[in-house]
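Undergrad: Mind having a look at this structure? Questions to follow.
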Amino acid sequence: MCRLLAAWLRDGMIDSLNDVLHAFAESSRFDPYLEKVSSGKSREHDDGWGVAAVGYGGNPSVVYQRMLEPIYSENSLRILDLVARRLRRYSEVYVLIHARKSSRNEPYGQDYTHPFMRLMDNGALWFAHNGGADKEALARVLGVYPWVRVDSELLGYFIMGLIDECVSGGGGLDECVGKAYAEGLRFIPGASGYNTGLLALVSKTASLYVSHKVLGNPSPELAEYYRIISYASREAVLAGSITIREYMPGSLRKSLNEGLLEPGVYRIGAGGLTRVASL
């Protein structure tokens, strides 16, 4: 149970980034969808957070930060302000941010916060997930010990490994992402989400993706919890967990076209939201 957001912004819309990040933090402080699906037992995503971003003012510049404190803590909000201030230096930015709500059976600590990173020979990948995965099956495939790993971490390394292998073999990134996500689908249990964000930096080119699917026959409350909302204009495209809709400033929402994503894998960027694979 987590919250995530992927965002591409350029030019004047970058000035709105601080509002977007703080809206995401507030959506993690009190999530009415989580409260509803947990029958009132939980309402916040308080087990750490992380952000990965690429900004362009010429060559790409990377921002990567993870913390164990809740994203809405005073210290975390100061860090978010620093991240936003840094990214306002650039003319175009790609951002992936995640707030974690861990289950009691999963490891806890800063190293287990998302996004998870994989270095490539010619770039890097960052992965964040909202949902569950078959950790034992993934651990067998990856040849690792499962109980010091997070299920989403192993899912991310599986998907990022396939993408790395495919790109290194000459495949196009969109094609490689689509194939990897199709393979990853088999590790998602029923009534769980395959909602993810993926930030790629290959050579000097950043690409941002978001996926959405709920497996099996979820309850109406769980299906609602896993919905992905999008906002788009010529200078900004955002897609993430439905809760952010409750906290986005009205002035910002009015300047963007709102929608809900159908199942699939989407690339986020100057062309809007482009589906690169079905799920």
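The values are calculated or read from the model by the stated rules, or taken from the named source; none is laboratory data. Please read all numbers here as calculations on a predicted model, not as lab measurements. Reconstructed Cβ throughout: ideal geometry from the backbone, glycine too, with neighbour counts over all protein chains shown. Surface areas here come from the heavy atoms of the whole protein model, side chains and all, with no ligands, DNA or RNA. Shrake-Rupley method; radii C 1.70, N 1.55, O 1.52, S 1.80 Å.
Undergrad: Name the residue, out of Arg245, Arg227, Arg267, that is touching a Ser or Thr at 6+ places or on another chain (Cβ under 6 Å) and not small (Gly, Ala, Ser).
TA: Being touching a Ser or Thr at 6+ places or on another chain (Cβ under 6 Å) and not small (Gly, Ala, Ser) holds for just one of Arg245, Arg227, Arg267, which is Arg267.
Rundown of residues vs (1) open to solvent by 20 Å² or more (accessible area, probe 1.4 Å); (2) within 19 Å of Ser207 (Cβ to Cβ); (3) touching a Phe, Trp or Tyr at 6+ places or on another chain (Cβ under 6 Å); (4) part of a helix (DSSP H, G or I), yes/no style:
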residue	(1), (2), (3), (4)
Asn18	yes, no, no, yes
Leu21	no, no, no, yes
Glu26	yes, no, yes, yes
Tyr64	yes, yes, no, no
Glu69	yes, no, no, no
Ile79	yes, no, no, yes
Arg86	yes, no, no, yes
Tyr90	yes, yes, yes, no
Val93	no, yes, no, no
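Undergrad: Hey, among Leu154, Leu199, which residue is open to solvent by less than 50 Å² (accessible area, probe 1.4 Å), under 25 Å from Met1 (Cβ atoms), part of a helix (DSSP H, G or I) and aliphatic (A, V, I, L, M)?
TA: Leu154
Undergrad: Just give me the residues in segment 244-277 being farther than 16 Å from Cys176 by Cβ, open to solvent by less than 70 Å² (accessible area, probe 1.4 Å), aliphatic (A, V, I, L, M) and part of a strand (DSSP E or B), in sequence order.
TA: Those that are farther than 16 Å from Cys176 by Cβ, open to solvent by less than 70 Å² (accessible area, probe 1.4 Å), aliphatic (A, V, I, L, M) and part of a strand (DSSP E or B): Ile268, Leu273.
Undergrad: Taking Asn59 as meeting all but one of (1) farther than 24 Å from Arg86 by Cβ; (2) in contact (Cβ under 8 Å) with a residue 12 or more places away in the chain; (3) open to solvent by 20 Å² or more (accessible area, probe 1.4 Å), write down the number of the exception.
TA: Status for Asn59: all satisfied but (1).
Undergrad: I'd like the full set of residues that are under 18 Å from Ala25 (Cα atoms) and in contact with a strand residue (DSSP E or B) (Cβ under 6 Å, 6 or more places away or on another chain), limited to segment 245-274.
TA: Within segment 245-274, Arg245 is the sole residue that qualifies.
Undergrad: I've got another one for you. For segment 135-151, how many residues are touching a residue at least 40 places away in the same chain (Cβ under 8 Å) and either in contact with a helix residue (DSSP H, G or I) (Cβ under 7 Å, 6 or more places away or on another chain) or crowded, with 18+ Cβ neighbours inside 10 Å (or both)?
TA: 5
Undergrad: Looking at Asp174, Asp164, can you tell me which residue is within 17 Å of Trp8 (Cβ to Cβ) and either in contact with a Pro (Cβ under 6 Å, 6 or more places away or on another chain) or assigned to a helix (DSSP H, G or I) (or both)?
TA: Going through Asp174, Asp164 in turn, the sole match is Asp174.
Undergrad: Determine, yes or no, whether Arg43 is within 19 Å of Ala236 (Cα to Cα) and surrounded by fewer than 21 Cβ atoms within 10 Å (Cβ to Cβ).
TA: For Arg43, the condition - within 19 Å of Ala236 (Cα to Cα) and surrounded by fewer than 21 Cβ atoms within 10 Å (Cβ to Cβ) - is not met.
Undergrad: Please work out which one of (1) aliphatic (A, V, I, L, M); (2) out of contact with any strand residue (DSSP E or B) (no Cβ under 6 Å at 6 or more places or on another chain); (3) buried (at least 22 other Cβ atoms within 10 Å of the Cβ); (4) within 22 Å of Glu262 (Cβ to Cβ) is the condition Ala182 fails and give its number.
TA: (3)
Undergrad: Follow-up question, since we're still on this one. What's the number of the condition Val54 fails, among (1) at pLDDT 95 or above; (2) assigned to a loop (DSSP other than H, G, I, E, B)?
TA: (2)
Undergrad: Right, another one. Hey, could you check segment 229-243 for residues that are hydroxyl-bearing (Ser, Thr, Tyr) and part of a strand (DSSP E or B) and say which is surrounded by the most Cβ atoms within 10 Å (Cβ to Cβ)?
TA: Looking at residues that are hydroxyl-bearing (Ser, Thr, Tyr) and part of a strand (DSSP E or B), I get Ser241.
Undergrad: Conditions first: (1) open to solvent by 60 Å² or more (accessible area, probe 1.4 Å); (2) within 22 Å of Val265 (Cα to Cα). Gly132 passes all but one, so which condition is the exception?
TA: Going through (1) open to solvent by 60 Å² or more (accessible area, probe 1.4 Å); (2) within 22 Å of Val265 (Cα to Cα) one by one, Gly132 breaks only (1).
Undergrad: Just to be sure, is Gly12 modelled with pLDDT under 95 and not in a strand (DSSP E or B)?
TA: yes
Undergrad: I would also like to ask the following. Kindly evaluate Ala223 against the criterion of being over 19 Å from Val95 (Cα atoms) and either modelled with pLDDT of 95 or more or surrounded by fewer than 22 Cβ atoms within 10 Å (Cβ to Cβ) (or both).
TA: yes
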